[in-house]
Amino acid sequence: MDNFKRLDLNLLLTLDVLLAERSVTRAAERLNLSQPSVSVQLARLREVFSDPLLVPAQRGMRPTARADELREPLREALESLGRAVAPTKPFDPAEATTTWRVAAADYAESAILLPALAGLRAAAPHTRLAVVEAVPSRMARQLEQGEIDLFFHTSVGAPSGLHRRVLFNERYVLAGRTGHPRLKRRPTLAQFCALEHVVVSLGGGGFAGPTDDALAQQGLARRVALSVPHFLFMMSVLASTDMVAMLPERLARGAPGLRVVEAPLEVPGYEMAMLWHERRHRDPGHRWLRERIAASL
């Protein structure tokens, strides 16, 4: 470690060229330095390594055993350093073999990732995409530690300090099965409250949400008969029962087996955002992925 502290990059570059040329004169020419300057650096190197490194020979100089030991590790180290400080290469999606990891709940899978998937596969056929469970309490740590590249979440509740791009504004609509006798037209507020409702509770077990807050402001309440943890199960419940639900419009529109109508009250919607950490912010591949997803919506 003491020897390492006494070295600098210029000395290592000089040693690399000296070992290749085996001549102070030729090394000076390659390094665009004077011969005395290279001689001074060789003297410092000999002091640091406690070894002559290069000794006079019949033609030029020959490396010592210690110098031979240093040659390959030194070359590898300098090449690694060169790659580390080289300008970032442009991202070529057609040739990329990146594996991206994104965190999304089932709503974001359907509303964001599904529309983007075909374009991603066509443009970057050799890449891979891993979709992992979205756990908001782990978001900041997973992004900071590089466990995931992107997290899809509402703007409300997103940790500060993360980069954020709002993808769209979502609103709620009322949905039930096709042919539902109470959804032939927009129900009245009283009819709405009398229907049996199903809600998604991401935390598990909850029976209230934004709709209930909006009703409470008018002194009203609805009948919430079922609470489920995922939208996928909710959609199956709606298609096969007379239960109804207030659904995000992007999830409800065009869903098979469902009829969608306007609700008889205004329920505040939300912003859906894409979140990432500073460590990935300038990465060309990451930028390409973010732009591709945003453009698909």
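The values are calculated or read from the model by the stated rules, or taken from the named source; none is laboratory data. Keep in mind the model is a prediction, meaning the values are calculated, not measured. Cβ sites come from the backbone with ideal geometry, for glycine too, and all protein chains shown count toward neighbours. Side chains included, ligands, DNA and RNA excluded: accessible areas come from the protein's heavy atoms. Shrake-Rupley method; radii C 1.70, N 1.55, O 1.52, S 1.80 Å.
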- Message: Based on this model, can you work out whether Val199 counts as in contact with a helix residue (DSSP H, G or I) (Cβ under 6 Å, 6 or more places away or on another chain), closer than 22 Å to Gly254 by Cα and open to solvent by less than 50 Å² (accessible area, probe 1.4 Å)?
- Response: no
- Message: Name the single residue that is nearest to the chain's Cα centre (by Cα) among those in the range 241-271 being open to solvent by 20 Å² or more (accessible area, probe 1.4 Å), small (Gly, Ala, Ser) and at pLDDT below 95.
- Response: Gly254
- Which ones in the range 41-81 are among the β-branched types (Val, Ile, Thr), surrounded by 13 or more Cβ atoms within 10 Å (Cβ to Cβ) and under 13 Å from Leu18 (Cβ atoms)? Thr64
- Item | Qualifying residue in the range 280-295 (condition: touching a Gly at 6+ places or on another chain (Cβ under 9 Å), under 24 Å from Leu120 (Cβ atoms) and among the acidic types (Asp, Glu)) | no
- Within the range 269-284, track down each residue that is in contact with a Lys or Arg (Cβ under 6 Å, 6 or more places away or on another chain) and in a strand (DSSP E or B). Ala273, Met274, Leu275
- Query: Of the residues in the range 187-223, how many are over 25 Å from Gly157 (Cα atoms) and hydrophobic (A, V, I, L, M, F, W, C)?
  - Reply: 8
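If you check Ala84 against the conditions, is it within 30 Å of Leu120 (Cα to Cα), open to solvent by less than 90 Å² (accessible area, probe 1.4 Å), among the hydrophobic types (A, V, I, L, M, F, W, C) and part of a helix (DSSP H, G or I)? Break it down stepwise before answering.
Numbers: within 30 Å of Leu120 (Cα to Cα): yes; open to solvent by less than 90 Å² (accessible area, probe 1.4 Å): yes; among the hydrophobic types (A, V, I, L, M, F, W, C): yes; part of a helix (DSSP H, G or I): yes.
So Ala84 passes the test.
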- Message: Considering only the range 87-108, I want to know if a residue exists there that is in a helix (DSSP H, G or I), farther than 17 Å from Arg280 by Cα, out of contact with any Leu (no Cβ under 8 Å at 6 or more places or on another chain) and open to solvent by 30 Å² or more (accessible area, probe 1.4 Å).
- Response: no
- Note on the structure: The one condition Gln217 fails out of (1) within 41 Å of the chain's Cα centre (by Cα); (2) of a type outside the set (Gly, Ala, Ser); (3) closer than 24 Å to Tyr107 by Cα is (3)
